[in-house]
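A quick write-up on the structure given underneath.
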Amino acid sequence: MDDLVVRAPLVWTGPGESMRLAAIACASGELTYVGPAAAAPRAREYLRVDGFLMPAVADRHVHIALADPAAVVLGGVTAVRDLGWPADRIFGLAEASELVTYNGPLIRAAGPILTAPGGYPVGEAYAPPGYAREIEEPSQAAVAVGELAEHGATAIKVSMNAEAPPTPDDGVLAEICRAAAEHAVPVTVHAQGGGQVERAIGAGVDELAHAPFSERLSDQVIQTLARETRIVSTLDLIRIHYGNEALRIALDNLIRFREAGGVIVYGTDMGLPEWGLPLGINVREALLLRETGMGHDEVLGAMVRGPLVPGAPADLIALARDPREELESLAELTVVIRGGRVLLNR
């Protein structure tokens, strides 16, 4: 017998796929059934949703220790990827987040940000000791990547901020990418300032942690990016922290990147309170993703971990209205389910 069956008049299971009068069954934190409500299995608990049911949101760029994890999950974000925090604190928190008693989202983490000696974000007011790891030469890069992989890092974060130099040299960057590939861990970079995206591509990074916002990239660079990397959006953060001109540049780069076949995923850089980013779903980020040319269905696809299929995490949200008609309805949460547990039911 399943733990929970959720029935809804409309279920969006993933991009291009929806069902009417459907049911979702959960057991042991996973989905066991997705199909017609009339054929749903028996369960210990039943929940009827009057609205739109869909996968919960995953945020691929956060600093969760600077936020309130309980508020994040109640805001509809049930999985996050932390892209910068001391190893001795974040990996234990990530492990704790897998427990059913944890009051927050599932956490996957990169650990400390790799940077050049004295480079960004060393010395930032919000950065505790261990937030960044300073790498001077390639041999140190290989050691750092190996240690982070052993901790369970799901990404290696590198700072390439030429507007707050120094940045890792090409030899160090190449060794980070080589060692990360050896451990099957992707490399994501904060690329800021002239030429940094090109350097990142040349080294073989897997992802940009922000939409490129400091310069308009050439069409040739955009084409190469689209073939080899994906981009985490963080458009609302760019608007708030760097201004409208930076946002205009970022949108121009993302529009061309998407037209070239590049993959954009939702991420907000949620964390530091003074950045003014909401805890949970950031509707402004969704609306800005739409400005890249994405349709509403595509925006939703960029925001979730994956489709609702048996074996997927039992992480669901319900909304009062269909966001494929109005993305603003992402603010109208009525239900949040994380790991098959109902955390919010309005």
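The values are calculated or read from the model by the stated rules, or taken from the named source; none is laboratory data. Remember, predicted model here, so these are calculated numbers, not experimental data. Here the Cβ is made from the backbone with ideal geometry for all residues, glycine too, and neighbour counts use every protein chain on show. Each accessible area value is taken on the protein alone, full model and side chains, heavy atoms only, with ligands, DNA and RNA left out. Shrake-Rupley method; radii C 1.70, N 1.55, O 1.52, S 1.80 Å.
For the range 271-300, the residues whose backbone nitrogen is under 15 Å from a point 7 Å from the Cα of residue 328, taken along Cα to Cβ, are 283-288. Entry comment: accessible area of the chain is 39 Å² per residue, from protein heavy atoms only and a probe of 1.4 Å. Rolling a 1.4 Å probe over the protein chains gives residue 54 an accessible area of about 0 Å². Karplus-derived 3J(HN,Hα) values for the range 87-98, using 6.51 cos²θ - 1.76 cosθ + 1.60 with θ = phi - 60°, are 4, 6, 10, 6, 6, x, 5, 4, 5, 5, 5, 7 Hz; glycine and proline are entered as x.
A 1.4 Å probe, protein heavy atoms only, puts the accessible area of residue 133 near 70 Å². Residue ranking by accessible heavy-atom surface, 1.4 Å probe, largest first, among 264, 240 comes out as 240, 264.
Roughly how tilted is helix 244-259, in degrees to the nearest 10 and between 0 and 90, from the longest Cα axis of the chain? Once rounded, one gets 70 degrees.
What does the charge count near residue 58 come to, summing +1 for each Lys or Arg and -1 for each Asp or Glu among other residues with Cβ under 14 Å from its Cβ? Show your work: numbers first, answer last.
Working: positive: 60, 81, 108, 230, 305, 338; negative: 59, 82, 285, 315.
Taking every other residue near residue 58 into account, the sum is +2.
Suppose the chain between residue 28 and residue 346 were pulled fully straight at 0.36 nm per residue; how much longer would it get relative to their current alpha carbon spacing? Walk me through the numbers before you get to the answer.
Values: separation 318, 0.36 × 318 = 114.48 nm, distance 2.37 nm.
Answer, rounded to one decimal: 112.1 nm.
Which net charge results for the neighbourhood of residue 93, defined as the other residues with beta-carbon distances under 14 angstrom from its beta-carbon, given Lys and Arg at +1 and Asp and Glu at -1? Once all neighbours under 14 Å are counted, the net charge is -2.
Helix 170-182 and the long axis of the chain differ in direction by around 40°, with both axes built from C-alpha atoms. Taking the chain as a Gaussian network of alpha-carbon nodes connected by springs under 10 Å, the highest mean-square fluctuation of the residues 17, 175, 274 belongs to 274. Considering helices alone, the calculated mean residue ellipticity of the chain at 222 nm is -8500 deg cm²/dmol, with DSSP H runs of length four and up weighted by -39500 (n - 2.57) and normalised per residue.
Here the mean projected area of the convex hull built on the C-alpha positions of the range 172-325 is 10.7 nm².
When all protein chains stay in place and ligands, DNA and RNA are ignored, the 1.4 Å accessible-area order of 28, 18, largest first, is 28, 18. Of the residues 43, 331, 142, the one that moves most in a GNM of the chain with alpha-carbon contacts below 10 Å is 43.
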